[in-house]
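FYI, it's all coordinate maths here, none of it is from the lab. The shown structure was predicted, so the numbers you read here are calculated from the model rather than taken from an experiment. Every residue, glycine among them, receives a Cβ derived from its backbone with ideal geometry; neighbour counts consider all protein chains shown.
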Amino acid sequence: MLSAIAYVQPILTAISRAGGQPHIVGGAVRDLLRGVPVKDVDIEVYGLPIERLISVLGEFGRVDAVGRSFGVLKLRLPGGRDIDVSLPRRESKVGAGHRGFLAEPDPTMSPLEAAGRRDFTWNAMALTPTGDLLDYYGGVADLNARLIRHTTAAFAEDPLRVLRAMQFAGRFGMRLAPDTAALSRQLLPEAATLATERIWAEWQKWALQSTRPSDGLQALDATGWLALYPEFTALIGCVQDAFYHPEGDVWQHTLFVCDAAADIAVRDGLDGEQRMVLLFAALCHDFGKPATTLVLPDGRVRSAGHAQAGIEPARAFLRRIGCPRAIADAVLPLIAEHMVLHGMDRTPRAVRRLALRLSPATLVQWGRLVEADASGRPPRPPAAPGAPILALAEQLGAAHGQPAPLLQGKHLIERGIAPGPQLGALLRRAYEAQIDGDFTTLEEGLAWLQREGVRG
């Protein structure tokens, strides 16, 4: 297996010659066994003081002591590759919560003890310099069974590991072992000790890397941690009209929509912020249904106004998980407008106005969300109901965002409009006129001003 990461072999050899015992650990081993490309390599070194380790690594590149006090080093190889190298750490309880631990490097720790301090069985595996696999906790079996299982009771020392289980389930299409789910439920009171930035890091991985996001959400449900998110629990049992939603309640629909969004993201080659906007819009798009759903006397179900009603709960959820503002600002208008197709005029003016309301999101992003929503209703086939709107938007040049305003404040000030509310209101009206196609050049815009009674 080491042939796939042959560039680390000279480093392993040098550490061994210096008297250390190096092992490839963590995600690299897991990915090698899964047959997927290895992105990051972590080396754990036993039996070697950190000063000696720094000296050995220095022969191969620049060594950054990013976490020296914790025994963590980063080796930067020529060509830009980074390798994380660390000593095993021993932690002692000194206070409450996940922060109440004192971590110190301990090069005398055995590989078995160090493996028991890792989170999941398939993250506790290691490879020796000769390519031998060390699997103390049955990681290979769990990997093959697509099972997430903790190693030892040390799992409980950091409740963040529950959210790690969530994002791993989504990324790898896995389920939680019953004993891990039970231990996670016991950790629910500890969730309040987690820093927001750590919470966001796990939700970000869920959005960026999940192949089946629904598996992550179902894992969260199995742990009992879904209770932390009342926006989710409110969806469970919230009925929908069976004619339009044969898949079940709003929670089931949301699971299907998130999976459809992930498929669309892969199809369209989305990554980074674009993918996160789509996944979080899919996750939050029906947050307004519990507050608006009514069962009519004839048995039909209606959720009038749920798109607008979902904005505030989505905003609150995204804020609590630490979502960056730029992503939230794009997600919220997508939620607000995801039902606009019902009764929308298919005219250039209506399309331009929709594009304006969606900003800073775009009609292309809206089209993906609408497609995910329509495709999350099995056994109904996937659908893309926004396609005609997108086609018209492409013709109008409005699919990927709005043009810059032609008329600016200086043009109004030159014509005697003083800075203030009147100027702002006129600028907004002018931009709407531009979006509606009333003028397409600055000269036409100035003529529009004259027609509106604003003269220089």
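Here are the numbers:
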| quantity | calculated |
| --- | --- |
| The range 325-456 shape via C-alpha gyration tensor axes, a/c threshold 1.5 | prolate |
| Stretch gain in nm, segment Val66-Gln9, where the contour uses 0.36 nm per residue and the Cα spacing is subtracted | 18.2 nm |
| Val41, Val72 arranged by Cβ crowding within 10 Å, fewest neighbours leading | Val72, Val41 |
| Exposure proxy ranking, count of Cβ atoms within 10 Å, fewest first, for Trp203, Trp122, Trp366 | Trp203, Trp366, Trp122 |
| Where labels lie 7 Å past Cα in the beta-carbon direction, separation of Asp179 and Glu452 in nm | 7.1 |
| Theoretical gain in end-to-end length, Asp249 to Ala350 [0.36 nm per residue, Cα-Cα removed] | 33.2 nm |
| Point-to-point label distance, Ala156-Glu113, nm (Cα→Cβ direction, 7 Å offset) | 2.1 |
| Packing rank of 262-269, 214-221, where each peptide gets the mean count of other beta carbons within 10 Å, highest leading | 214-221, 262-269 |
| Within the range 431-451, backbone nitrogen closer than 19 Å to the virtual label 7 Å beyond the Cα of Glu414 toward Cβ | 431, 434, 439-451 |
| Calculated on alpha-carbon atoms, Rg and Dmax of the chain in Å | 27.3, 86 |
| The range 107-228: C-alpha gyration tensor shape, a/c 1.5 cut-off, then a/b vs b/c | prolate |
| Principal axis dimensions, largest first and in whole angstrom, of the range 229-396 by Cα | 44, 37, 27 |
| Mean separation of Cα contacts under 8 Å (6+ apart) over length of the chain, as relative contact order % | 9 |
| Under 29 Å between alpha carbons - lysine pairs in the chain that sit 8 or more apart or on different chains | 6 |
| Stretch gain in nm, segment Leu133-Leu77, where the contour uses 0.36 nm per residue and the Cα spacing is subtracted | 17.6 nm |
| Residue order, fewest to most beta carbons within 10 Å, for Met125, Met109, Met276 | Met109, Met276, Met125 |
| Where labels lie 7 Å past Cα in the beta-carbon direction, separation of Val140 and Asp268 in nm | 4.2 |
